[in-house]
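Undergrad: Input: one structure, supplied below.
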Amino acid sequence: VCVAAGRLRGGVVAIKVPRSSGGRRHVAMIASFCNEIRLLRRIRHSQIVAFHGAAIDPSTGDLAMIFEYVAGEDMSSYVPGAHRAEHRKGTASLTMLLADVASALMYLHSLEPS
């Protein structure tokens, strides 16, 4: 999957596109992507990035998901190398991140399947 910044109606958005690969793997990836779109349509939570929609390039058939753009560091910057002092974000930052993730997970688990 590739994520890049783009523009939609004058604002900055994040665009997520599956990487192309042929055969069964491609079909499985498209199915997974479509399932993710189906789930994201219902999710609205302050700690989960907003899903704006999906698009299909009519000339290639390529799919893309469009999300709210969130500036700042990637969440992975809090995890890899956390044991090394030069990569440590600090206990307060990590505690806040974990509280936000827990809040989002509680919300997701409260949803009824459709």
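Undergrad: Say we look at the range 47-58 and pick out the residues that are touching a residue at least 24 places away in the same chain (Cβ under 8 Å) and in a loop (DSSP other than H, G, I, E, B); which of these is farthest from the chain's Cα centre (by Cα)?
TA: Applying the filter and picking the extreme gives 47.
Undergrad: Would a scan of the range 6-15 turn up a residue that is touching an Asp or Glu at 6+ places or on another chain (Cβ under 7 Å), at pLDDT 90 or above and part of a loop (DSSP other than H, G, I, E, B)?
TA: The answer is no, given that none of the residues of the range 6-15 is touching an Asp or Glu at 6+ places or on another chain (Cβ under 7 Å), at pLDDT 90 or above and part of a loop (DSSP other than H, G, I, E, B).
The values are calculated or read from the model by the stated rules, or taken from the named source; none is laboratory data. Computed from a predicted structure; not experimentally measured. No Cβ is skipped: glycine too gets one built from the backbone with ideal geometry, and neighbour counts run over all protein chains shown.
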